[in-house]
1. Given the conditions (1) closer than 17 Å to PHE146 by Cβ; (2) modelled with pLDDT of 95 or more, and given that ALA94 satisfies all but one, which numbered condition is not satisfied?
2. Go through the stretch 148-162 and give me each residue that's under 17 Å from the mean Cα position of the chain (by Cα) and among the aliphatic types (A, V, I, L, M).
3. Specify the residue that is farthest from PHE168 (Cα to Cα); the eligible residues are those in the stretch 41-79 that are β-branched (Val, Ile, Thr) and in a strand (DSSP E or B).
4. Could you tell me whether any residue of the stretch 83-92 is in contact (Cβ under 8 Å) with a residue 12 or more places away in the chain, surrounded by fewer than 16 Cβ atoms within 10 Å (Cβ to Cβ) and touching a Ser or Thr at 6+ places or on another chain (Cβ under 7 Å)?
5. Test ILE102 against the stated conditions and say whether it is at pLDDT 95 or above, within 26 Å of GLU25 (Cα to Cα) and surrounded by fewer than 20 Cβ atoms within 10 Å (Cβ to Cβ).
6. I need the full set of residues from the stretch 97-136 which are in contact with a Lys or Arg (Cβ under 9 Å, 6 or more places away or on another chain) and among the aliphatic types (A, V, I, L, M), in order please.
7. Of all residues in the stretch 117-147, count the ones that are in contact with a strand residue (DSSP E or B) (Cβ under 6 Å, 6 or more places away or on another chain), over 20 Å from GLU158 (Cα atoms) and assigned to a loop (DSSP other than H, G, I, E, B).
8. Name every residue in the stretch 109-124 that is within 16 Å of LEU74 (Cβ to Cβ) and modelled with pLDDT of 90 or more, in order of residue number.
Amino acid sequence: MFNKIILVILTMITFSYASNEFSSERILGIEVGYSTVNSPNIVGVTESKSDAEFGIRLGAQNEDWRTTIRANFLNVQGRNYEKVMLDFDHFVWASLYKTDMIVFKPYLGAHIGWLRYTDEIISGKSGLAYGGQLGLAFNVLNEVDFDIAYRYTSTKTEGVDNMSSAVFGVNYLY
């Protein structure tokens, strides 16, 4: 319960800060990816299972930082995973020359949030999840960004050790 309260407080503080500082570029996005879930089996040996995931995100950005909240959904061999994460990305560099048709922005970031899964036996297990990401955002139009990213998520959820994802996203900037 304490973790959920902290997560809600962090989210509210981040969005109040983002609305004041980043009001010129808000983000509404969708993403698809391929995820691998590492979890212990009945005898405690770690097994890897993979499948496609999809998600939505909402946030804000400026030239140096991007903050988003995202929800991802994944179904792997009868288990439904739901992640709600708060992402903080720092744009390391940007190709902002007047001759550039496409602006490339590599980034490093971190995320924290909540992971929940259900299956036909377990009605639901959930816990804190956190990790990091690296990727490349490229702006093709004034209102559209594309993202290619790799994310690694560790979790305190019983029955799940970690997750890794390769993700492609499309963001509408308004």
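The values are calculated or read from the model by the stated rules, or taken from the named source; none is laboratory data. Everything numeric here is computed off the predicted structure, so don't read it as measured data. Quick reminder, even Gly has a Cβ in these numbers, built from the backbone with ideal geometry, and neighbours come from all protein chains shown.
1. (2)
2. ILE148, ALA149
3. At the first step, the residues of the stretch 41-79 found to be β-branched (Val, Ile, Thr) are 42-43, 45-46, 56, 67-69, 76.
From the residues that got through so far, the ones that are in a strand (DSSP E or B) too are 46, 56, 67-69, 76.
Numbers: THR46: 27, ILE56: 12, THR67: 17, THR68: 15, ILE69: 16, VAL76: 19 Å.
Per the stated criteria, the residue is THR46.
4. Start the filter on the stretch 83-92 by keeping residues that are in contact (Cβ under 8 Å) with a residue 12 or more places away in the chain, which leaves 83-92.
Next, only the ones that are surrounded by fewer than 16 Cβ atoms within 10 Å (Cβ to Cβ) stay: 90, 92.
This time we only want the ones that are touching a Ser or Thr at 6+ places or on another chain (Cβ under 7 Å), so: none.
Within the stretch 83-92, none of the residues are in contact (Cβ under 8 Å) with a residue 12 or more places away in the chain, surrounded by fewer than 16 Cβ atoms within 10 Å (Cβ to Cβ) and touching a Ser or Thr at 6+ places or on another chain (Cβ under 7 Å).
5. Working: at pLDDT 95 or above: no; within 26 Å of GLU25 (Cα to Cα): yes; surrounded by fewer than 20 Cβ atoms within 10 Å (Cβ to Cβ): yes.
No: the conditions fail for ILE102.
6. Once the filter is applied, which keeps residues that are in contact with a Lys or Arg (Cβ under 9 Å, 6 or more places away or on another chain) and among the aliphatic types (A, V, I, L, M), the stretch 97-136 yields LEU115, ILE122, LEU128, ALA129, LEU134, LEU136.
7. Residues in the stretch 117-147 being in contact with a strand residue (DSSP E or B) (Cβ under 6 Å, 6 or more places away or on another chain), over 20 Å from GLU158 (Cα atoms) and assigned to a loop (DSSP other than H, G, I, E, B): 1 in total.
8. Selection gives HIS111, GLY113, TRP114, LEU115, ARG116, TYR117, THR118.
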